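Peer 1: My structure is below; once you've seen it, I'll send some questions.
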Amino acid sequence: AMAPDVSAFTGHGATADGHPVALMANVGSGEEAQAAARGGAEGIGLLRTEFLFLGRAEAPSVDEQVAAYRGVMAAFPGRKVVVRTLDAGADKPLPFVTLEGEENPALGVRGLRTARRHPDILDAQLTAIAEAAAAETARVQVMAPMVATVEEAAAFVELCHRKGIATAGVMIETPAAAVSAPELLAAVDFASLGTNDLTQYTMAADRVVGELAELNDPWQPAVLRLIGTVGAAGATTRTPVGVCGEAGADPLLAVVLVGLGVSSLSMAVRALPRVAQRLGTVTLDECRRAAEEAVAASSPAEARARARAALGG
Ligand code: PEP
Ligand code: MG
């Protein structure tokens with residue numbers, strides 16, 4: 001088979017019938033943001049802010065954070081930049097934030113949960129993001145990782161709004177958040193599915209254990225079904241639902257995700273051209289049919305095969 005023509009990617013993702021699907025980049029530094037802009041990303045769908053905190057004895061100052069966030073935002077003038085608050089813990093330990101010796105760190109004090117002990121760190125980070133956003137033209141949005149309850153989501157969004165951040169949301173990466181989607185989405189301005197963690201928690205299979213890779217697959221019909229629940233709730237509540245896990249980087253799965261109601265996809269920048277190309281060959285109705293087939297499958301292999309067949313092979 002010939003390689004798809006990826007040169008046609010113009011930086012505006014859409015299906016063949018013109019349904020827009022924002023195609024954005026996951027980045028973890030200012031340099032990566034510049035590379036993402038050069039690579040045609042429409043915006044940043046996930047800025048992992050851990051880069052500022054790793055390898056230090058204490059949190060960076062507000063001024064230092066402002067400078068770093070401005071560096072990222074400046075790469076996308078007038079474009080969307082979604083900043084995720086510190087996601088320490090589990091696979092991203094941080095001495096001055098996370099607990100040592102947790103028996104089950106993936107189920108422990110990670111992500112937004114670290115703000116229970118260290119509300120000052122979250123507060124300073126939001127102050128810095130708001131200040132950086134005010135100085136740049138990027139359309140800045142903020143989201144929290146590892147949210148499990150509607151209460152956590154509502155409190156986070158309220159805190160962001162109080163800090164002058166107009167658009168605030170949460171990641172949906174726990175089954176509890178996904179199952180609560182109708183109520184949770186009503187409490188936020190947007191949500192972003194973290195399919196890496198959502199898959200690990202849904203399948204109860206640690207994402208760092210290679211032996212469990214077969215379970216740790218976003219094509220698992222149970223995972224797709226949960227994503228569909230969130231997509232449907234997004235439509236009902238008119239809340240944008242994106243994906244920022246690596247699932248969006250698989251062109252066929254990207255089609256299925258759009259069919260499940262996802263309106264933006266954020267991924268490693270190198271994956272953007274192929275995903276853009278694949279989406280441009282299918283209509284929204286075809287995405288929906290592929291999604292219906294995949295969700296009704298009983299294994300990842302069957303889900304892939306049925307999605308492919310629904311699109312004509
Ligand atoms: C995810 O969990 O899908 C995600 C995007 O976040 P991270 O991979 O940083 O945990
Ligand atoms: Mg995650």
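Just so it is clear, none of the values below were taken in a lab; they were calculated from the coordinates. Model, not experiment: these values are computed from the prediction. All Cβ positions, glycine included, derive from the backbone under ideal geometry; neighbour counts span all protein chains shown.
Peer 1: Residue under question is L99, and the condition is that it be closer than 21 Å to A68 by Cβ and either touching a residue at least 24 places away in the same chain (Cβ under 8 Å) or more than 15 Å from ligand 1 (Cβ to nearest atom) (or both); does it hold?
Peer 2: So L99 fails the test.
Peer 1: To continue, here is another question. What pairs can you find where one residue is in segment 179-199 and charged (D, E, K, R), the other is more than 10 Å from ligand 2 (Cβ to nearest atom), and their Cβ atoms are less than 7 Å apart, with a gap of 6+ or different chains?
Peer 2: Sorted first by the residue in segment 179-199, then by its partner, the pairs are E183/V150; D189/V157; D189/T167; D189/A168; D189/G169.
Peer 1: Is there a residue being over 24 Å from L185 (Cβ atoms), aliphatic (A, V, I, L, M) and assigned to a helix (DSSP H, G or I) anywhere in segment 281-298?
Peer 2: no
Peer 1: Of all the residues that make up segment 57-99, how many are charged (D, E, K, R) and touching a Phe, Trp or Tyr at 6+ places or on another chain (Cβ under 7 Å)?
Peer 2: Of the residues in that region, 1 qualify.
Peer 1: What helices (runs of 4 or more DSSP H) lie completely within segment 104-216 and have 1 or more residues being closer than 30 Å to S61 by Cα, in contact with a helix residue (DSSP H, G or I) (Cβ under 9 Å, 6 or more places away or on another chain) and away from ligand 2 (no atom under 16 Å from the Cβ)? Spell out the reasoning first.
Peer 2: Numbers: elements: 119-135, 150-162, 175-179, 181-186, 195-203.
Per the criteria, 119-135, 150-162.
Peer 1: Let me ask another. Find the residue count for segment 234-246, including only residues that are under 10 Å from the mean Cα position of the chain (by Cα) and in a helix (DSSP H, G or I).
Peer 2: 1
Peer 1: So in segment 191-226, with the set limited to residues that are of a type in the set (D, E) and loosely packed, with under 15 Cβ neighbours inside 10 Å, which one is farthest from the chain's Cα centre (by Cα)?
Peer 2: Ranking the candidates gives E211 first.
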